[in-house]
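Throughout, read-outs are computed from the coordinates displayed, never taken from laboratory work. Quick caveat, the model's predicted, so the values are computed rather than measured. For neighbour counting, all protein chains shown are included, and Cβ atoms are generated from backbone atoms with ideal geometry for every residue, glycine included.
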Amino acid sequence: MSIMWHSISGVLMILGLVGTGYALLKIHIFNDDDERLSKFLSGFVTKIAIPAYLIVSIPEDFTPQTLLAIGPKLVLPIASMLALFALSFLIAKLIKVNPHHKGLFQSLLFNSNTVTVGLPVNMALFGKDSLP
């Protein structure tokens with residue numbers, strides 16, 4: 001029962017954050033027209049908040065023993081990323097991506113947002129036991 005309550009509280013926490021953001025937009029604390037605030041918030045989240053969270057949580061939750069235990073299960077994710085990386089070169093050439101944007105395009109195609117988005121959401125919903 002405690003696992004169920006933990007999962008429900010994680011979902012409620014995320015919904016609360018979404019609701020708070022929506023309420024702040026409605027009372028004009030945040031404004032879509034304010035480009036400086038938008039740049040600040042996105043920069044703060046991507047350059048400070050998420051890296052800080054990962055620096056604190058990953059060494060705490062992942063040990064060499066954990067990595068060895070899940071090692072054989074990493075074959076499929078690594079193989080899929082390598083296949084997508086190879087495919088990114090072909091797709092970039094086929095659709096004639098601007099050479100200035102080619103690296104970004106390829107990175108976005110084969111990199112997953114699992115660590116930056118999925119890990120915190122997974123932790124919020126299911127706790128530390130869900131990491132492996």
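Between residue 110 and residue 13, the modelled labels are 3.4 nm apart [label points 7 Å from Cα along Cα→Cβ]. Under 28 Å of direct C-alpha separation, and excluding same-chain neighbours fewer than eight residues apart, residue 26 reaches these lysines: 39, 47. Between the beta carbons of residue 41 and residue 66, assuming R0 = 41 Å, the FRET efficiency works out to 0.80 to the nearest 0.05.
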